[in-house]
Each structure stands twice: as C-alpha cells, then as structure tokens.
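Reading through the structure tokens given below for one structure.
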Amino acid sequence: MSPILEPIVSITYNENIALAVRIALDQLEIPDLTGKTVLLKPNVGREVEPRLGINTNPDVVRAVFGYFKGRYKANYLIGDSPIIATDTKKAFMQSGYSDLLNNKEIQFIDLDDKPPIELEIPRGKLLKKVKVTGYWNDFDYIISIPVLKMHMHTGASLGFKNMKGLIYKRNKIKLHHFHAPEIIENLKKSMEKIKELDVAIADLSLLFKPDLCVIDASYALEGMGPSSGNCVKLDTIIASTNYLAADIIALAISQPDWSLKDVPHLKLISELFPEAPKSLEDIKTVPESIQQFVKPLEPPPTSITIKYKNVNLIDVESCSACLSTIFNLLKHNKDFIDEHFTAEKPLNLAIGKGITQSDLYSDTYLIGNCTYNLHENGIFVKGCTPVESTILKIIKENLKFGKN
Ligand code: SF4
C-alpha cells in the first residue's frame, strides 16, 4: 500500500472505451517502467464470450497495453490463472484476446505453467502461507485490470480480489475451507456479513500489492456475480495507483448505499494498514465530483434461490466454482429438467462445505468433494468442481434406474 494520505482515483466515462482508459491513466503519476517486467492481470476466469461483464473486456486491456507500450520500453506479460476446470488459453481466446496473444510485443503466460513458490504470511489471521504462481519473482510492476462485478460470496469483486489469480491452481480453493468460529464471532460484532473467506482474502493483502488498478466498468455485472448476473453497460473506467482507493470508488458508484462493511475483505484491508483510505472522504477523485458516474447496480443476493419451481438448491458455504457449475447446469438443461422434475418431485441439489444431514432431502444430489462426508445420505457426485456433463450424466443414470 502506498503511504499516500490522499490517494488519487481518476474516473472517466466514454463509449470509446480506449479513450476512457487513456484519459483515466493520464491523470495518474506512473513511474518510469523502462526496462521493467510489467504484468497485465485481467480477470479472465471463465471460457465465455467477451463483453458480458464476466471476464475483463479485451478492449480495455488492449487500451492499457497500448498506453504503456507507447510510453515505456518494458517487458510486457499478460496472464491469469482461472478458476478450476478452465483452460487459461482457451478462456483468453474465447474472451476476445486472440490479437493480444498473437502480439509479439507482449507475452502470454499461463500463471500456472511453472512450479509454484510458497510464501509465508506471518501476520495472516487465517492464511499463514500460500502457493503462488512460479512467475512471482519475475514481476516488477503489476497492473490489476478487473471487471466490476457483484459477487455472491464477497459482496463485490474488484481490483484486489482480482489478485487471487496469482494463487497457484487449486490452492485458491483453500481460501474457502477455513473454519474459525472464534475469529468470525469476534469480527461479526462490527461486520455482520463477514466469513472466513473474507479474512483469508484480506490476509493476501500482506503479500499482494498491485501497483496500478484499472477497473473495467465498460460492462459491469450486477446481481448474481461472479458469472450468473446481468451485464450492465456503464462505459466507465476507474484507475488508481492505490488499489484500495480504486475499489472504494468503484463501490461508491455501483453501490452508493453500501459501506466497506458490505465487502468485508476491503474493510479488513483498510484496517490492516494505518495509511490506507477508510472511506470516500480519504480519497481525491478526478473529477472532484463522482455523482455523474453513480449507477446503482442490483446487489448480489444474500441467499441463493432458484427461480425454477422444480429445483431445490441447498447451498451452504460453497465456493463460486461449484455454484457457477450448478447455474450453468440449470441454464443449459432447463427443458430436460422441466421434463423430468416437478414442483412436487423436484431436483434436489446440495453444494458447499457447510451442508449438514438435516439440510438434505431423501434423494439429494450431493455435488462436489465438499459434501463427501454426507455421501451415504444422497447421491454423491465427486469432483472439485465436478463438471456439468458429469453431473447431468449421473442425474440421467439415476432417472433411468428409477432412483428418483
Ligand atoms: S467441491 Fe465445490 S464448493 Fe467445494 S471446494 Fe470444490 S468447487 Fe468449491
């Protein structure tokens, strides 16, 4: 965290998003990066089409790269490590990054393709060590380029949370597995929504410090983020060399009624560093008033409900990988589900490490390794995350043998 008392955040609106990026970056003081190795870290976590508010818009990343390349002769890298069961290169290609991947002036790296480096976090409340990308020591300057999203598990996913992609492969999942009731009970006194996951993400801030944050709100995601919400075109860019300040401003325009407590990992980070901004009042914005950029987004749901009458989803402390898989399964197979399940005899699905026997119906599909302890109480589908086709195959097999 930069020891600047009043960090600067620039915010721009323009349908020409490359121009919005350029104007936003022009307002910031960026060090001379000549000869340095610079990582562009967009959020490309899923194999989806571009401009849906799920992955970072490639137009924004292209504009950031163009801006830096024109100013500094540096060694540019672009990469990510997506959620499990996603091919990094395929995710980039499908999301519209093929020209950047074929550009000889920037090198694509799959952050998982080198053996990891294990780092200690002695001050971490929950996370005491973490395996990070094997490229960790190669970067001189990290540019976090997240897409502005609501997130059902963390409130919102912005510049800092995008850094989770520096964690090596499946080690990301470990952040979802902590169980520390004493710590959480204590923190809940001042932050009602806090969970172990928020604490573990905040612990990462003792290691991960993006040097520049360019938040892509060209297309943002409201509601059921990180991947099942509605895409909203905002044509907005928020940039700062202080990532927490950028995240605070992104929240101020998208959830003006929220405080940092609604995104507990940000609140915890603001408390970890005395010099960190704690609220809007600690930040200088360019322009001074951000009122014209405010566009309230639908917040993420506090509990997961399924709009289908013939599906019961029980989700207790799952991670977004399993939940996204379930949403895709339901979305892609609605006709099949409607044909075989009714409100009286629904499809029962359970996910998450917090599921207990009392949550289950007699014929529940227990999805994912997190539910293994209850495998004798339902139809267990192994995997972390199990793939959509496997879950569907098992449901079909059970229908065939009349098990439900
Ligand atoms: S089984 Fe599902 S909920 Fe559990 S850690 Fe794996 S992906 Fe997450």
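The values are calculated or read from the model by the stated rules, or taken from the named source; none is laboratory data. Quick caveat: nothing in here was measured; it's all calculated off a predicted structure. As a convention, Cβ positions derive from the backbone with ideal geometry for all residues, glycine included, and neighbour counts pool all protein chains shown.
If we scan region 17-24, do we find a residue that is crowded, with 17+ Cβ neighbours inside 10 Å, assigned to a loop (DSSP other than H, G, I, E, B) and in contact (Cβ under 8 Å) with a residue 24 or more places away in the chain? There is no residue in region 17-24 that is crowded, with 17+ Cβ neighbours inside 10 Å, assigned to a loop (DSSP other than H, G, I, E, B) and in contact (Cβ under 8 Å) with a residue 24 or more places away in the chain. Of all the listed residues (371, 390), the sole one being of a type outside the set (Phe, Trp, Tyr), within 16 Å of the ligand (Cβ to nearest atom), surrounded by fewer than 20 Cβ atoms within 10 Å (Cβ to Cβ) and in a helix (DSSP H, G or I) is 390. Restricting the first member to region 263-283 and to residues that are free of Cβ contacts under 8 Å to residues at least 12 places away in the same chain and assigned by TED's automatic domain parsing to the domain that holds residue 250, and the second to residues that are surrounded by fewer than 22 Cβ atoms within 10 Å (Cβ to Cβ) and part of a loop (DSSP other than H, G, I, E, B), the beta-carbon pairs closer than 9 Å and six or more apart or on different chains are 271/278. For residue 339, the criteria (1) surrounded by 15 or more Cβ atoms within 10 Å (Cβ to Cβ); (2) at pLDDT 90 or above; (3) of a type outside the set (Ser, Thr, Tyr) hold in every case but one, which is (1).
Which one is nearest to the ligand (Cβ to nearest atom) among residues in region 312-329 that are crowded, with 19+ Cβ neighbours inside 10 Å and of a type in the set (A, V, I, L, M)? Among them, the one singled out is 321. Can you tell me which residue in region 3-60 is farthest from residue 288 (Cα to Cα), limited to those that are more than 23 Å from the chain's Cα centre (by Cα) and modelled with pLDDT under 95? Among residues in region 3-60 that are more than 23 Å from the chain's Cα centre (by Cα) and modelled with pLDDT under 95, the one farthest from residue 288 (Cα to Cα) is 3. Taking each residue of region 164-175 that is more than 15 Å from residue 129 (Cβ to Cβ) and at pLDDT 95 or above and looking for partners that are more than 9 Å from the ligand (Cβ to nearest atom) and not in a helix (DSSP H, G or I) with beta-carbon atoms closer than 6 Å, six or more apart or interchain, yields 165/80; 165/81. From the list 16, 102, 75, 55, the one residue that fits, being touching a strand residue (DSSP E or B) at 6+ places or on another chain (Cβ under 6 Å), in the same structural domain as residue 250 (by TED's automatic domain parsing) and not hydroxyl-bearing (Ser, Thr, Tyr), is 75.
Of all residues in region 355-368, those being at pLDDT 90 or above and more than 12 Å from the ligand (Cβ to nearest atom) number 2. Of everything in region 374-387 that is within 12 Å of the ligand (Cβ to nearest atom) and at negative phi, the residue that is surrounded by the most Cβ atoms within 10 Å (Cβ to Cβ) is 385.
Looking at 201, 142, 183, just one residue is under 25 Å from residue 125 (Cβ atoms), crowded, with 23+ Cβ neighbours inside 10 Å, among the aliphatic types (A, V, I, L, M) and in contact with a Lys or Arg (Cβ under 9 Å, 6 or more places away or on another chain), and that residue is 201.
Residues checked against (1) touching a helix residue (DSSP H, G or I) at 6+ places or on another chain (Cβ under 6 Å); (2) under 28 Å from residue 14 (Cα atoms); (3) in a loop (DSSP other than H, G, I, E, B); (4) in the same structural domain as residue 278 (by TED's automatic domain parsing):
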position: 203; (1), (2), (3), (4): no, no, no, yes
position: 206; (1), (2), (3), (4): no, no, yes, yes
position: 220; (1), (2), (3), (4): no, yes, no, yes
position: 239; (1), (2), (3), (4): yes, yes, no, yes
position: 250; (1), (2), (3), (4): no, yes, no, yes
position: 253; (1), (2), (3), (4): yes, yes, no, yes
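If you go through region 129-139 and keep only what is surrounded by fewer than 24 Cβ atoms within 10 Å (Cβ to Cβ) and either without any contact (Cβ under 8 Å) to a residue 40 or more places away in the chain or among the aliphatic types (A, V, I, L, M) (or both), you end up with 129, 132, 134, 136, 137.
Which of the numbered conditions does residue 352 fail, given that it passes all the others? Conditions: (1) within 13 Å of the ligand (Cβ to nearest atom); (2) under 30 Å from residue 219 (Cβ atoms); (3) more than 20 Å from the chain's Cα centre (by Cα). Every listed condition holds for residue 352 apart from (3). Scanning region 151-173 finds no residues that are more than 17 Å from the chain's Cα centre (by Cα) and buried (at least 24 other Cβ atoms within 10 Å of the Cβ). Of the listed requirements (1) without any contact (Cβ under 8 Å) to a residue 24 or more places away in the chain; (2) within 16 Å of the ligand (Cβ to nearest atom), residue 197 misses just one: (1). What are the residues in region 28-42 that are part of a loop (DSSP other than H, G, I, E, B) and either without any contact (Cβ under 8 Å) to a residue 12 or more places away in the chain or out of contact with any Asp or Glu (no Cβ under 7 Å at 6 or more places or on another chain) (or both), if any? Of everything in region 28-42, those that are part of a loop (DSSP other than H, G, I, E, B) and either without any contact (Cβ under 8 Å) to a residue 12 or more places away in the chain or out of contact with any Asp or Glu (no Cβ under 7 Å at 6 or more places or on another chain) (or both) turn out to be 28, 29, 30, 31, 32, 33, 34, 35.
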